[in-house]
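Have a look at the structure below, then the notes.
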Amino acid sequence: MPSFDIVSEVNQVEVHNAVDQANKEVSTRFDFKGSDARIEINDKDKILTLFGDDDFKLSQVRDVLTAKLAKRGVDTRCLKFDNGESISGNKMKQPVTVREGIEQDLAKKIIKLLKDSKMKVQGSIQGDVVRVTGAKKDLLQEAIALIRKSINDFPLQYKNFRD
C-alpha cells in the first residue's frame, strides 16, 4: 500500500554555520562595538540564546540571525522566539527554540484535515512523524497538495514516499 511520512527536520549543521556567521557579523559591526551582543548555542536542548545590551540591540541580533539562517536554507518558521528577559543592568537575553518533529497538536490537526477532506487516505501518528497511507499514489499526491495549502505556519517535509 503506498505511503509517505510527514516530518519536520532542521539541518543542524546549517544552523551551526548560520550562528557562527551571525556571531562573526555581530562582532565586526560598528554599531555593536564594545557591546556584549552574541549568540550561544545549546546542542543538547536545541536552544539558541541571544544576548544584547538593550532591547534594540537584541532585536538587531535576532534580525542578523534570521537573515543568516534564511541565506543558508534553514526555514525560519522552525524558530520559536520566547520573551526577552533582563539579566543584569540593561543587558537582555532571549531564548530561541529550534523546533524539530511534529508536535501532537499539529499531528492531530493534520489527521483531522485528511479525514474532513473525505479523501481515501489514512493518517497515523508515529512519534513525531505522521504516516499517511492510501490505495493509490495519486491520492497521496492530492493529500500532500491539501496539506501544503492548509498548513503554512510550520515547515513540513514529505519523505519516504513508497509505492
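Read the figures in this text as sums done on the coordinates, not as results from a lab. Keep in mind that this is a model prediction, so the values were computed, not measured. Note that we place each Cβ from the backbone using ideal geometry, even for glycine, and neighbour counts take in every protein chain shown.
Suppose the filter is under 24 Å from Gly73 (Cα atoms) and surrounded by fewer than 14 Cβ atoms within 10 Å (Cβ to Cβ); does Asp153 pass it? Step through it out loud before you land on a result.
Values: under 24 Å from Gly73 (Cα atoms): yes; surrounded by fewer than 14 Cβ atoms within 10 Å (Cβ to Cβ): yes.
Yes: the conditions hold for Asp153.
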Query raised in the report: Ala145 versus (1) surrounded by 12 or more Cβ atoms within 10 Å (Cβ to Cβ); (2) over 30 Å from Asp63 (Cα atoms); (3) without any contact (Cβ under 8 Å) to a residue 60 or more places away in the chain; (4) small (Gly, Ala, Ser): which is the lone unmet condition?
Result: (1)
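Here is a check on your reading of the model: is Ser27 farther than 30 Å from Leu156 by Cβ, surrounded by fewer than 17 Cβ atoms within 10 Å (Cβ to Cβ) and in contact with a strand residue (DSSP E or B) (Cβ under 9 Å, 6 or more places away or on another chain)? Before the answer, list the steps.
On the way: farther than 30 Å from Leu156 by Cβ: yes; surrounded by fewer than 17 Cβ atoms within 10 Å (Cβ to Cβ): yes; in contact with a strand residue (DSSP E or B) (Cβ under 9 Å, 6 or more places away or on another chain): yes.
For Ser27, the condition - farther than 30 Å from Leu156 by Cβ, surrounded by fewer than 17 Cβ atoms within 10 Å (Cβ to Cβ) and in contact with a strand residue (DSSP E or B) (Cβ under 9 Å, 6 or more places away or on another chain) - is met.
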Requested in this report: Please note which strands (runs of 3 or more DSSP E) are completely contained in region 73-136 and include at least 1 residues that are surrounded by 12 or more Cβ atoms within 10 Å (Cβ to Cβ) and of a type in the set (S, T, N, Q).
Outcome: 92-98, 121-126, 129-134
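A quick yes/no check of all residues on (1) touching a residue at least 12 places away in the same chain (Cβ under 8 Å); (2) more than 19 Å from the chain's Cα centre (by Cα):
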{"site": "Leu58", "(1), (2)": "yes, yes"}
{"site": "Arg62", "(1), (2)": "yes, no"}
{"site": "Val74", "(1), (2)": "yes, no"}
{"site": "Lys80", "(1), (2)": "yes, no"}
{"site": "Ser86", "(1), (2)": "no, yes"}
{"site": "Val121", "(1), (2)": "yes, yes"}
{"site": "Ile125", "(1), (2)": "yes, yes"}
{"site": "Asp138", "(1), (2)": "no, yes"}
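For region 1-49, give me the residue count where each residue is in a strand (DSSP E or B), under 16 Å from Pro95 (Cβ atoms), in contact (Cβ under 8 Å) with a residue 12 or more places away in the chain and touching a Ser or Thr at 6+ places or on another chain (Cβ under 9 Å).
Step one: filter region 1-49 for residues in a strand (DSSP E or B), giving 3-7, 38-42, 47-49.
From the residues that got through so far, the ones that are under 16 Å from Pro95 (Cβ atoms) too are 38-42, 47-49.
Now restrict to residues that are in contact (Cβ under 8 Å) with a residue 12 or more places away in the chain: 38-39, 41, 47-49.
From what is left, the residues that are touching a Ser or Thr at 6+ places or on another chain (Cβ under 9 Å) are 38-39, 41, 47-48.
Selection size over region 1-49: 5.
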